[in-house]
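**Q** Below: one structure in C-alpha cells.
Every number here is computed from the coordinates shown, using simple stated rules; none is lab data. Predicted, not measured: the structure shown is a model, and the values here were computed from it. So basically every Cβ, Gly included, is an ideal-geometry build from the backbone, and we count neighbours across all protein chains shown.
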Amino acid sequence: MKNSIIQQDFYRESGTYLSKIQIWKKCFSPNLHFIYLLRITQKYPKNTIIGKIWRLILRHYQIKYGFQIYPETQIGPGFYLGHWGALVINPKTIIGKNCNIAQGVTIGQANRGKNEGVPKIGNEVWIGPNAVLVGNITVGNNVLIAPNSFVCFDVPANSVVMGNPGVISPNEKATLGYINHKI
C-alpha cells in the first residue's frame, strides 16, 4: 500500500499510518493541522480556482498559527513541526525527508554577498528552537542544529552545530533520539 505524503507526515507524530478520519482527529493540534493544510494546498496549481481557494485558507492559518511556510516550498515526506508558532521558511528553500523544525526557526534568504540565495536542507535534519539558517548553504543528512544556533555556512552530513556563530562537531549519531518514526 502506497501511503500519501500526508500519511507519511502524520506517521512521524504517531508511529502508525492513520486513516483519513484518524488524521482529521489529529488536526486538533495546530502544528499537524497546518501540515495537513499545507500538503493539501501543495496538490493544486496556483493558477487554478481550487488552488487559489486553498491558498486563501492556508494564508488564514499562517496568520492564526504563526507559520510562514508557503506551498511553493519543496518539503520531503515525513515533515514534522514539533511546536506551533513563529516559524519562517523562505519559499525557495528545499527540505529533505524526515525533518523536524521547532518553533522560532528562521530559514531565510541572503540577498547579497558570497552566500546569496537560500538554504538546501538534507534528510533527517533536526532544527532546534530559535535557530537561524540563512543564505545559499547546504545542510547535509543526519544533522542536528542546536537551539539558538546561527548557521550561514555549509554543514557536512553527520554533524551537530551549536552556537552563534555556529561550531560544527562531527557526530555519526547526531539525530539519534531526536528524529523518531522515520519513513
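**Q** Any idea which of Ile49, Leu133, Pro170 is furthest toward the positive side of the dipole for the chain, if Lys and Arg beta-carbons carry +1 and Asp and Glu beta-carbons -1?
**A** Working it through, the farthest residue towards the positive pole turns out to be Ile49.
**Q** Report the full-extension gain for the segment Asn47 to Cys27: residue separation times 0.36 nm, less the Cα-Cα distance, to one decimal in nm.
**A** That works out to 4.5 nm of additional length.
**Q** What's the FRET efficiency of Asn130 with Ile40 using the Cβ-Cβ distance as r and R₀ = 35 Å, to the nearest 0.05?
**A** E between Asn130 and Ile40, to the nearest 0.05, is 0.75.
**Q** Also: With each run of n ≥ 4 DSSP H residues scored as -39500 (n - 2.57), what mean residue ellipticity at 222 nm is computed for the chain after dividing by its residue count and rounding to the nearest 500 deg cm²/dmol?
**A** Calculated at 222 nm, the ellipticity per residue is -8000 deg cm²/dmol.
**Q** About its Cα centre, how strong a charge dipole does the chain have in debye, to the nearest 20, once Lys and Arg get +1 and Asp and Glu get -1 at the Cβ? Could the numbers behind the result be given before it?
**A** On the way: 19 positive and 7 negative charges, 147 e Å.
Computed about the Cα centre, the dipole is about 700 debye.
**Q** Can you put Trp126, Trp54, Trp84 in order of Cβ neighbours within 10 angstrom, beginning with the fewest? All intermediate terms of the calculation are to be shown ahead of the outcome.
**A** Numbers: Trp126 23, Trp54 20, Trp84 17.
Least crowded to most crowded, the residues run Trp84, Trp54, Trp126.
**Q** Which listed residue (Tyr11, Ile40, Tyr65) has the Cα farthest towards the positive end of the charge dipole for segment 10-163, taking +1 on Lys and Arg C-beta and -1 on Asp and Glu C-beta about the Cα centre?
**A** Highest projection toward the positive end goes to Ile40.
**Q** Sticking with this one: Please give the Cα centre distance for segment 109-154 versus segment 25-81, rounded to the nearest Å.
**A** For segment 109-154 versus segment 25-81, the Cα centre distance is 22 Å.
**Q** List the extent of the Cα atoms of the chain along each of their three principal axes, largest first, rounded to whole Å.
**A** For the chain, the Cα extents along the three principal axes come out at 44, 36, 27 Å.
**Q** Under a plain spin-label model, where a point goes 7 Å from the Cα along Cα-to-Cβ, how far apart in nm are Lys114 and Ala86?
**A** In this crude label model, Lys114 to Ala86 measures out at 3.2 nm.
**Q** Now a separate question. Filter the cross-link list Lys46/Lys114; Lys64/Lys114; Lys26/Lys97; Lys52/Lys114 down to pairs whose alpha-carbon distance in this structure exceeds 30 Å.
**A** Correct reply: Lys46/Lys114; Lys64/Lys114; Lys52/Lys114.
**Q** In the chain, with Lys and Arg counted as +1 and Asp and Glu as -1 at Cβ, which of these residues, Ile121, Pro30, Asn90, has the Cα nearest the positive end of the dipole, that is, farthest along it?
**A** Final value for the positive-end residue is Pro30.
**Q** Follow-up question, since we're still on this one. If each residue's Cβ is checked for other Cβ atoms within 10 Å, how do Lys97, Lys114 rank with the fewest at the top?
**A** Fewest-to-most Cβ neighbours within 10 Å comes out as Lys114, Lys97.
**Q** What does the charge dipole of segment 86-172 about its Cα centre add up to, to the nearest 20 debye, if the Cβ of each Lys and Arg holds +1 and the Cβ of each Asp and Glu holds -1?
**A** Its charge dipole is roughly 240 debye.
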